[in-house]
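**Student:** I am attaching a structure below and will ask some questions about it afterwards.
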Amino acid sequence: MSNKLKESDVTPEHLFNCSRRQLIRLLGIGGAALSAPLSARAGITDWFSADKQPPLASPPTPMHYSQPPQWQADLTLTPESKVTGYNNFYEFGMDKADPAANARQFKTEPWKITLDGEVHQPMTLDMDQLFKQFPMEQRIYRMRCVEAWSMVVPWIGFSLASLIKMANPTSNARYVAFQTLYDPQQMPGQRDGLNSAGLNYPYVEGLRLDEAMNPLTLLTTGVYGKTLPPQNGAPLRLIVPWKYGFKGIKSIVKISLTRTQPPSTWNILAPDEYGFYANVNPHVDHPRWSQATERFIGPGGLFDVKRQPTLMFNGYGSEVASLYKGMDLRRDF
Ligand SMILES: Nc1nc2c(c(=O)[nH]1)N[C@H]1C(S)=C(S)[C@@H](COP(=O)(O)O)O[C@H]1N2
Ligand SMILES: [Mo]
């Protein structure tokens, strides 16, 4: 078997990309923007075109971190060039190569994170305080996008639970709401209807408090041994490995504990297609494509894409299935 990408591997990718755009068009948002991309339209073969771009405003730096054995899963890693070259971050454009190309000037220093809502100790922290307060660890996780592609990524970060405990939730706290930076100056996708992709900005996401407190839920500061590059959500993003990738909100500025279920950006756009829970589930298809299998983006060269079965809860069922006891996962998808 050669590692070359076959037409049959490429085509679904473009179809899936198209699907979200077509949806946006169907909903009557976006309009002309959809045929007028932010950067020259880069194809799947141009993942590395970022080389020709200006230097990064906030370049990744090497991190100190431990490697607790229980998180060093024995999985084949997706190489760094693909993890940092093939992204979804609509604030910087809708094509997979757009974020790496368009986020190079994104300034992530200084950066403040506010923790508020139903907590006894609201606080605002900067990234330095966060690095002093919480020891960083590497965790190798599967990552499954709702568009039916997947990666395996060595993230670095710390359990969201430890930050939430520090803020001391009140007895009213039931959910956790997250918010991405809103800065149209820096984020071209936020500037106007033309490049907004139809999404409401700032991008928001949410978890139930018990999901947020699960040890797997990672506040992520780095990848492949260094602080996050902008396209992966620098300087702080969420990773919830048993859920579809869109729950992994990037470039977080605010975390609020709430009484009621918070909104989620993709759910607002199309509630029938993107649920609040968004647990990876091969038995619940997306209305416009199957979720039974996925295309794993592998290490064997630029075009190594292998179709494999999708696992219930993305393979993390033994850790998280108990969170959903008694729920109908077809209805609460
Ligand atoms: N703010 C923000 N966060 C976001 C997104 C986005 O467009 N904006 N895309 C989501 C989607 S759909 C996925 S699959 C992951 C992709 O993360 P990665 O580029 O690091 O692989 O980020 C998620 N977080
Ligand atoms: Mo995604």
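The values are calculated or read from the model by the stated rules, or taken from the named source; none is laboratory data. Since the structure is predicted, the reported quantities are computational estimates derived from the model, not experimental observations. We place every Cβ from the backbone using ideal geometry, glycine too, and count neighbours over all the protein chains shown. For accessibility, only protein heavy atoms count, side chains too; no ligands or nucleic acids. Shrake-Rupley method; radii C 1.70, N 1.55, O 1.52, S 1.80 Å.
**Student:** Looking only at residues in region 289-331 that are among the aromatic types (Phe, Trp, Tyr) and assigned to a loop (DSSP other than H, G, I, E, B), which one is modelled with the lowest pLDDT?
**Tutor:** Checking each candidate, the answer is 303.
**Student:** Mind counting the residues in region 278-289 that are touching a helix residue (DSSP H, G or I) at 6+ places or on another chain (Cβ under 8 Å) and either open to solvent by 30 Å² or more (accessible area, probe 1.4 Å) or of a type in the set (Ser, Thr, Tyr) (or both)?
**Tutor:** Summing the residues that are touching a helix residue (DSSP H, G or I) at 6+ places or on another chain (Cβ under 8 Å) and either open to solvent by 30 Å² or more (accessible area, probe 1.4 Å) or of a type in the set (Ser, Thr, Tyr) (or both) in region 278-289 gives 2.
**Student:** Out of the residues in region 255-268 that are assigned to a strand (DSSP E or B) and out of contact with any Pro (no Cβ under 8 Å at 6 or more places or on another chain), which is surrounded by the most Cβ atoms within 10 Å (Cβ to Cβ)?
**Tutor:** 255
**Student:** Oh, and also: From the list 81, 66, pick out the single residue that is of a type outside the set (A, V, I, L, M, F, W, C) and more than 26 Å from residue 180 (Cβ to Cβ).
**Tutor:** 66
**Student:** Okay, moving on. What are the pairs with Cβ atoms under 8 angstrom where one residue, in region 125-141, is of a type in the set (D, E, K, R) and the other, located anywhere, is assigned to a helix (DSSP H, G or I) and open to solvent by 20 Å² or more (accessible area, probe 1.4 Å)? Sequence gap at least six, or different chains.
**Tutor:** Close Cβ pairs satisfying both conditions: 137/71; 139/71.
**Student:** Only one residue in 194, 199 is over 26 Å from residue 155 (Cα atoms), assigned to a helix (DSSP H, G or I) and either of a type in the set (S, T, N, Q) or at pLDDT below 95 (or both), so which one is that?
**Tutor:** Among 194, 199, only 194 is over 26 Å from residue 155 (Cα atoms), assigned to a helix (DSSP H, G or I) and either of a type in the set (S, T, N, Q) or at pLDDT below 95 (or both).
**Student:** Looking at 116, 128, 95, can you tell me which residue is outside any loop (DSSP other than H, G, I, E, B) and open to solvent by less than 40 Å² (accessible area, probe 1.4 Å)?
**Tutor:** The unique qualifying residue is 116.
**Student:** What tally of residues in region 237-254 results from selecting those that are surrounded by 24 or more Cβ atoms within 10 Å (Cβ to Cβ) and more than 11 Å from ligand 1 (Cβ to nearest atom)?
**Tutor:** 2
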